[in-house]
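Written out below as structure tokens is the structure these notes cover.
The values are calculated or read from the model by the stated rules, or taken from the named source; none is laboratory data. Computed from a predicted model, the values in this text were never measured in an experiment. Don't worry about glycine lacking a Cβ; one is built from the backbone with ideal geometry, like all the others, and counts go over all protein chains shown. Heavy atoms of the whole protein, side chains included, go into the accessibility calculation; ligands, DNA and RNA do not. Shrake-Rupley method; radii C 1.70, N 1.55, O 1.52, S 1.80 Å.
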Amino acid sequence: MSETKAVIDHIVMLKVRANATKEELDRLIQGTFSLKAIPGVLTITVGPTFVEDWMPDRRAGHTHVLSVRLESKEALRVYQDHELHVKVKNECLIPLLEGPPVAVDYESVVMVGDGVRD
């Protein structure tokens, strides 16, 4: 049996400097993963964008994407204002950017369960 539930997805597209070091990128990843400690955060993913030879390049210069799934709109507000988020953004993210990030938040419906009805 399956059910659906609504969650909030916070997506941030980044243009990381070409001269960012491995250490800086590792700090970005570890800092991003530390955000899981913020109440209401369900999952976090971060990674580089890519293009295969069979697909058009739709990245518009964005080199990395950060995705945070949260329990609710209220959890998004807590996340945005949380001191850990502010610290990671200021210390691990902003110093790596060569341009402003593009962020979008949306309500996502997720199927929970095996998708089989009894």
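With a Förster radius of 35 Å applied to the C-beta separation of Glu3 and Asp53, the computed FRET efficiency comes to 0.30. When nucleic acids and ligands are ignored and a 1.4 Å probe is applied, Asp9 ends up with an accessible area of around 0 Å².
Accessible surface ranking for Met111, Met55, 1.4 angstrom probe, highest first: Met111, Met55. Of the residues Val86, Val109, the one with the largest accessible area comes first in the ranking Val109, Val86, computed with a 1.4 Å probe on protein heavy atoms. Quick one: Debye curve from the C-alpha atoms of the chain, no solvent, what's log10 I(q)/I(0) at q = 0.14, 0.20, 0.22 Å⁻¹? So the normalised log intensities work out to -0.67, -1.11, -1.24. Taking 30 Å as the straight-line reach from the Cα of Lys87, the lysines in range (excluding those fewer than 8 positions away in the same chain) are Lys15, Lys22, Lys36, Lys73.
From the Kirkwood radius over Cα pairs of region 39-92, Stokes-Einstein at 10 °C and 1.306 mPa s returns a whole-number translational diffusion coefficient of 120 µm²/s. Mean sequence separation of contacting Cα pairs (under 8 Å, at least six apart), scaled by the length of the chain, corresponds to a relative contact order of 52 percent.
With the whole protein complex present, Thr4 retains an accessible surface near 90 Å², based on a 1.4 Å probe.
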